[in-house]
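Novice: Attaching a single structure in structure tokens format; questions to follow.
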Amino acid sequence: MRMKKLILILIAAFTFVSVARSASDHFFENDGVSLAVAATPGPPPLMVPLTLIQGAASKGAVCLDGTLPGYHFHPGFGSGANSWLIQLEGGGWCNTIRSCVFRKTTRRGSSKYMEKQLAFTGILSNKAEENPDFFNWNRVIVRYCDGASFSGDSQNEAAQLQFRGQKIWQAAMQELLFKGMQKANQALLSGCSAGGLASIIHCDEFRSLFPTSTKVKCLSDAGFFLDAVDISGGHTLRNLFGGVVKLQEVQKNLPNSCLNQLDPTSCFFPQNLINHVETPLFLLNAAYDAWQVQESLAPHSADPHGSWNDCKSNHARCNSSQIQFLQDFRNQMLNDVKGFSGTSQTGLFINSCFAHCQSERQDTWFADDSPLINNMPIAIAVGDWFFDRKTVKAIDCAYPCDNTCHNLVFK
């Protein structure tokens with residue numbers, strides 16, 4: 001009997017790790033980086049089924065391969081019955097015909113390959129002890145299958161590619177309004193990684209869906225991608241973003257107030273977008289964002305001999321000059337949010353960790369040992385800011401002072 005029970009526990013633990021990864025650690029897997037995540041003990045998480053948006057195709061709102069877009073919805077209850085949290089899924093971008101054609105064969109480009117259910121953990125959890133402020137809200141993950149942070153609007157007929165992120169965003173919002181979001185008395189648009197960038201891009205548009213009496217704010221988790229110089233002196237991420245913007249005609253959906261001053265690629269970078277967002281916005285980011293270290297600062301293309309491989313896999317193996325390069329990156333991030341942080345309605349939580357996407361994972365969002373700044377966990381910081389309990393401008397001291405981090409270590 002005890003052996004049978006142990007086997008069941010092991011099966012449940014394995015299921016949880018694989019499902020939890022699919023919900024929040026997709027970004028690295030999608031970019032060919034293998035991520036080691038420790039199993040989280042405890043009861044299995046809430047599993048929420050996929051819903052396809054049936055009327056979407058007639059509106060031109062389709063994934064890269066022409067399949068229907070989808071979302072996962074868990075209804076609110078009690079005092080949260082008229083409160084809505086919309087989480088925009090992340091998972092990289094495609095910046096060339098070739099990379100978008102490949103993406104069509106994955107869950108990031110086709111609903112044919114999407115998981116039929118996802119684990120709702122962290123900010124999506126339905127348990128008060130795991131998610132004190134949003135546990136009983138209507139909670140939604142909008143699936144990401146366009147490759148341009150829900151913001152493209154074009155097509156490539158020769159390659160049979162549909163770049164319809166903006167239309168997917170609109171179709172999803174229309175469906176959710178019909179499902180009861182139009183009655184919301186408060187709403188939060190959030191997103192992680194490429195979805196965190198999307199939550200910045202669509203923040204004011206989200207606000208416009210509701211009457212002025214509705215409390216509406218936005219949260220960007222790990223979406224503050226810097227226009228940074230890589231270790232070879234190149235601009236890896238600018239080149240990537242430039243391809244996305246041009247291929248998918250993203251400029252159609254970027255703010256004119258930015259485009260009047262800068263080129264479209266610059267207006268896809270959050271550092272140039274945040275001062276054009278009028279709706280209250282909270283930036284949650286690791287100062288040494290693990291994805292940006294891996295893919296923007298020290299990608300293989302900028303480091304063909306692999307001199308950064310040890311440092312990238314484990315920050316404890318970085319030498320002093322590598323640490324200095326990372327400190328300069330943190331300084332650029334803090335400099336880029338200076339003006340933004342000066343207004344009372346904005347919120348900040350920038351911790352000195354080697355992490356990425358801290359709101360969807362239970363261990364980083366709200367747990368006994370979750371990351372802290374001034375003894376404040378992320379969930380409490382976001383809740384205090386959303387409900388105006390206090391002003392939140394939490395900026396950590398520089399590495400290595402923070403011993404509460406859940407740093408990512410790569411295989």
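The values are calculated or read from the model by the stated rules, or taken from the named source; none is laboratory data. If you're wondering where the values come from, they're calculated on a predicted model, not measured in any experiment. Neighbour counts are summed over all protein chains in view; Cβ atoms, including those assigned to glycine, are modelled from backbone coordinates with ideal geometry. What goes into the accessible areas is simple: the full protein's heavy atoms, side chains included, and nothing from ligands, DNA or RNA. Shrake-Rupley method; radii C 1.70, N 1.55, O 1.52, S 1.80 Å.
The rows are residues; the columns are (1) modelled with pLDDT under 95; (2) at positive phi; (3) in a loop (DSSP other than H, G, I, E, B); (4) basic (Lys, Arg).
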position: Ile7; (1), (2), (3), (4): yes, no, no, no
position: Arg21; (1), (2), (3), (4): yes, no, no, yes
position: Pro43; (1), (2), (3), (4): yes, no, yes, no
position: Gly55; (1), (2), (3), (4): yes, no, yes, no
position: His72; (1), (2), (3), (4): no, no, no, no
position: Trp93; (1), (2), (3), (4): no, no, yes, no
position: Thr105; (1), (2), (3), (4): no, no, yes, no
position: Leu118; (1), (2), (3), (4): no, no, no, no
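Novice: Further question on the same structure: If Val250 satisfies all but one of (1) open to solvent by less than 10 Å² (accessible area, probe 1.4 Å); (2) under 30 Å from Ile323 (Cα atoms), what's the number of the condition it fails?
Specialist: Exception for Val250: condition (2).
Novice: With respect to Asp204, is the statement that it is part of a loop (DSSP other than H, G, I, E, B) and touching a residue at least 60 places away in the same chain (Cβ under 8 Å) true?
Specialist: Working: part of a loop (DSSP other than H, G, I, E, B): no; touching a residue at least 60 places away in the same chain (Cβ under 8 Å): yes.
When the stated conditions are applied, Asp204 does not pass them.
Novice: Please specify each residue of the stretch 48-84 satisfying the condition of being of a type outside the set (Gly, Ala, Ser) and more than 14 Å from Ala172 (Cβ to Cβ). Break it down stepwise before answering.
Specialist: Of the residues in the stretch 48-84, the ones of a type outside the set (Gly, Ala, Ser) are 48-54, 59, 62-65, 67-69, 71-75, 77, 82, 84.
Correct list: Val48, Pro49, Leu64, Asp65, Thr67, His74, Pro75, Phe77, Asn82.
Novice: Yes or no: Arg143 among the basic types (Lys, Arg), surrounded by fewer than 23 Cβ atoms within 10 Å (Cβ to Cβ), touching a strand residue (DSSP E or B) at 6+ places or on another chain (Cβ under 6 Å) and within 22 Å of Leu284 (Cβ to Cβ)?
Specialist: Values: among the basic types (Lys, Arg): yes; surrounded by fewer than 23 Cβ atoms within 10 Å (Cβ to Cβ): no; touching a strand residue (DSSP E or B) at 6+ places or on another chain (Cβ under 6 Å): yes; within 22 Å of Leu284 (Cβ to Cβ): yes.
Spelling it out, it is not the case that Arg143 is among the basic types (Lys, Arg), surrounded by fewer than 23 Cβ atoms within 10 Å (Cβ to Cβ), touching a strand residue (DSSP E or B) at 6+ places or on another chain (Cβ under 6 Å) and within 22 Å of Leu284 (Cβ to Cβ).
Novice: Quickly run through the stretch 161-191 and pick out the residues that are closer than 30 Å to Thr105 by Cα and part of a helix (DSSP H, G or I). Don't jump to the end; show me each part of the working.
Specialist: Narrowing the stretch 161-191 to residues closer than 30 Å to Thr105 by Cα: 161-176, 189-191.
Gly165, Gln166, Lys167, Ile168, Trp169, Gln170, Ala171, Ala172, Met173, Gln174, Glu175, Leu176 - these are the residues of the stretch 161-191 that are closer than 30 Å to Thr105 by Cα and part of a helix (DSSP H, G or I).
Novice: Can you give me the number of residues within the stretch 311-331 that are surrounded by 14 or more Cβ atoms within 10 Å (Cβ to Cβ), assigned to a helix (DSSP H, G or I) and not small (Gly, Ala, Ser)?
Specialist: Residues that pass the stated criteria total 10.
Novice: Here is a follow-up. Quick check on the stretch 360-401: of everything there that is assigned to a strand (DSSP E or B) and aliphatic (A, V, I, L, M), which residue is most open to solvent (accessible area, probe 1.4 Å)?
Specialist: Going through the qualifying residues, I end up with Ile395.
Yes/no per residue for (1) under 14 Å from Phe282 (Cα atoms); (2) of a type in the set (S, T, N, Q):
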site	(1), (2)
Asn309	no, yes
Phe325	no, no
Asp368	no, no
Ile380	yes, no
Trp385	yes, no
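Novice: Just wondering, is there one or more residues in the stretch 208-217 that are touching a residue at least 40 places away in the same chain (Cβ under 8 Å) and open to solvent by less than 20 Å² (accessible area, probe 1.4 Å)?
Specialist: yes
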